[in-house]
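Presented below is the structure to which this report refers.
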Amino acid sequence: MSRREETLHNAPNDPGDFEKRLQAKLDARRKEEQARSRPSGWAVGLRYGSEFFAGVVVGIGIGMAADWFFATEPWGMLIGGLLGFAAGTLNVVRAAQEVNAAGDDSAESRQDPRT
């Protein structure tokens, strides 16, 4: 028996079987890709912390520059610190909304569209 006849002999009788196996492999690959694309808890926490810290540091820096320029010693830094705190909080809220929106998108893509 030739090699060509062997491959034809071993071919599945049901063509739908191939489609089912292919779909199962594709679903498994999609799940792996989604699991890899989601940030870990540490990554999200570090992002929130750095967003907040950057807002506060920039606010204090601008306040100190205003103190130096206008010679209003502690007031610029205090006001800059408060504005930086507000900006840092706003940055964290925006980052949290972005992470939640990405989580909602992945939850929708995990649902089976055939059902």
Query raised in the report: From the residues in the stretch 59-72 that are small (Gly, Ala, Ser) and surrounded by 15 or more Cβ atoms within 10 Å (Cβ to Cβ), which one is nearest to residue 101 (Cα to Cα)?
Result: 59
Report task. Only residues in the stretch 51-79 that are at positive phi count as the first member; pair them with residues that are of a type in the set (A, V, I, L, M, F, W, C), Cβ under 6 angstrom, at least 6 apart or cross-chain, and list the lot. Result -> none
Query raised in the report: If you go through the stretch 1-58 one residue at a time, how many are modelled with pLDDT under 80 and surrounded by 11 or more Cβ atoms within 10 Å (Cβ to Cβ)?
Result: 2
Query - Selection within the stretch 73-98 - under 26 Å from residue 44 (Cβ atoms) and surrounded by 15 or more Cβ atoms within 10 Å (Cβ to Cβ) - result: 81, 83, 84, 85, 87, 88, 91, 92, 95
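The values are calculated or read from the model by the stated rules, or taken from the named source; none is laboratory data. What you see is a predicted model; the values in this text were computed from it and never measured. Here Cβ is always computed from backbone atoms with ideal geometry, including for glycine, and neighbour counts include all displayed protein chains.
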